[in-house]
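Scroll down for the structure; my scribbles are underneath it.
The values are calculated or read from the model by the stated rules, or taken from the named source; none is laboratory data. The model shown is predicted, which means the values in this text are computed figures rather than measured ones. All Cβ positions, glycine included, derive from the backbone under ideal geometry; neighbour counts span all protein chains shown. Please note that ligands, DNA and RNA were not included when accessible areas were found on the heavy atoms of the full protein model with its side chains. Shrake-Rupley method; radii C 1.70, N 1.55, O 1.52, S 1.80 Å.
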Amino acid sequence: MTIEYPVQLPPLENGDRLTRDEFERRYAAMPHLKKAELIEGIVYVASPLRYRSHGQPHLFLITWLGTYCAATPGVEAADAPTIRLDGDNEPQPDAILRLSHGGRSRITADDYIEGAPELVAEIAASSAAYDLHDKLRVYRRNGVQEYLVWCAYDRQIYWFSLEAGEYQPLTPDAEGMIRSRQFPGLWLAAEALLAHDLGTVLRVLQAGIATPEHQAFVARQQR
């Protein structure tokens, strides 16, 4: 009699080179694993997350984007969703904003995002992290319109807008605010965010939400 043993999938390991389908199979078989990404065909498994360099900034970022989403019908936000971009890339960014209708992404039958959200936000340790290198190139190539990276140790926020196929930096204006080009009214008090002053960040955002430009954007999304 032949005894059949269940097939054990190898675990995901940093540096594995996999197809997207194989990556998904192994990730699904590891429900205890909270974050893994496939970038240019290479697996990246997240290390344990520290409080001030990731956990707290993550909450602030989600609160800022979630507040904008709550005031903007037709715009959806998500916390750390897996995104199917192409055959070699399945990132899991810290946060996204997407248009629920008429955008570049869709929600698949098995409840994944497929295609490029309009805005992707990441928290990185420093500018040496792959978020500002390999992942930036992947997001640019796949048409993510705006890409924000908060480098916790460097105390820098990089916000890029896709212009003619290249990422151009969005810089603070005279009042210290960075303003989204894709999402009218999405204003960021960058220095306040770096100082973990969430109250000021939300007050500045509310000022952006109160502008005629935001109201016109909402009206367009509701047509």
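If each of GLN222 and ALA71 carries a label point 7 Å out from its Cα toward its Cβ, how far apart are those two points in nm?
1.5
Provide the gained length on full extension for the span ARG181 to TYR51, in nm with one decimal, where the gain is 0.36 nm per separating residue minus the Cα-Cα distance.
On the way: separation 130, 0.36 × 130 = 46.80 nm, distance 3.10 nm.
That pair, ARG181 and TYR51, stretches by 43.7 nm at full extension.
Given a 1.4 angstrom probe, what's the average accessible area per residue across the chain, in square angstrom? Kindly include the intermediate steps, with their values, before the conclusion.
Working: 11380 Å² over 223 residues.
Per-residue accessible area for the chain comes out at 51 Å².
Tell me which residues come under 5 Å, amide H to amide H, from ILE39 once H is placed; ignore anything under 5 positions away on its chain.
Residues meeting the criterion, in which the H sits 1.01 Å from N, are TYR44, GLU90.
Binning at 10 angstrom from zero up to the longest distance, how are the C-alpha pair distances of the chain distributed in percent?
The calculated distribution, bin by bin, is 8, 32, 35, 17, 5, 2, 1, 0.
Could you size up the charge dipole of the chain around its Cα centre, putting +1 on the beta carbon of Lys and Arg and -1 on that of Asp and Glu, and report it in debye to the nearest 20? Could you put the intermediate results ahead of the total?
Numbers: 22 positive and 30 negative charges, 83 e Å.
Dipole magnitude for the chain comes out near 400 debye.
May I ask you to compute the full-extension gain from ASP79 to ALA29, defined as 0.36 nm times their residue separation minus their alpha-carbon distance, rounded to one decimal in nm?
Numbers: separation 50, 0.36 × 50 = 18.00 nm, distance 2.15 nm.
Residue separation times 0.36 nm, minus the Cα-Cα distance, leaves 15.9 nm.
Using the Cα centre of the range 1-119 as the reference point, and only Cβ charges (+1 on K/R, -1 on D/E), how large is the resulting charge dipole? Debye, rounded to the nearest 20.
On the way: 12 positive and 18 negative charges, 90 e Å.
Taking the Cα centre of the range 1-119 as origin, the dipole is about 440 debye.
Is the range 73-174 best put as rounded, prolate or oblate by its Cα gyration tensor, with a ≥ b ≥ c the root eigenvalues, rounded for a/c under 1.5, and otherwise prolate when a/b is larger than b/c, oblate when not? Each step should come with its number before you reach the end.
On the way: a/c = 1.66, a/b = 1.45, b/c = 1.15.
Here the range 73-174 falls in the prolate category.
Counting only protein heavy atoms and using a 1.4 Å probe, what share of the accessible area of the range 80-223 belongs to carbon plus sulfur, as a whole percent?
Working: 3070 of 6380 Å².
Taking all protein chains in place, the range 80-223 shows 48 percent carbon and sulfur surface.
Could you tell me how many degrees, from 0 to 90 and to the nearest 10, lie between the Cα long axis of helix 198-209 and the main elongation axis, the longest principal axis, of the Cα atoms of the chain?
The two axes meet at around 70 degrees.
Quote to one decimal, in nm, the extra length available between ARG203 and ALA174 on full extension: 0.36 nm per residue of separation minus the C-alpha distance between them. Walk me through the intermediate numbers first.
Numbers: separation 29, 0.36 × 29 = 10.44 nm, distance 1.72 nm.
Contour length minus Cα-Cα distance gives 8.7 nm.
Rank these residues by their accessible area, most exposed first, probe 1.4 Å: GLU166, GLU122, GLU114. Don't skip to the answer; put the middle values down first.
Working: GLU166 90, GLU122 0, GLU114 55 Å².
Solvent-accessible surface, decreasing: GLU166, GLU114, GLU122.
Of the residues ARG104, ARG25, ARG140, which exhibits the maximal mean-square fluctuation in a Gaussian network model of the chain defined by a 10 Å Cα contact cut-off?
ARG25
Quick one: net charge around HIS58, please, counting Lys, Arg +1 and Asp, Glu -1 for every other residue with C-beta under 14 Å from its C-beta.
Value of the local net charge: 0.
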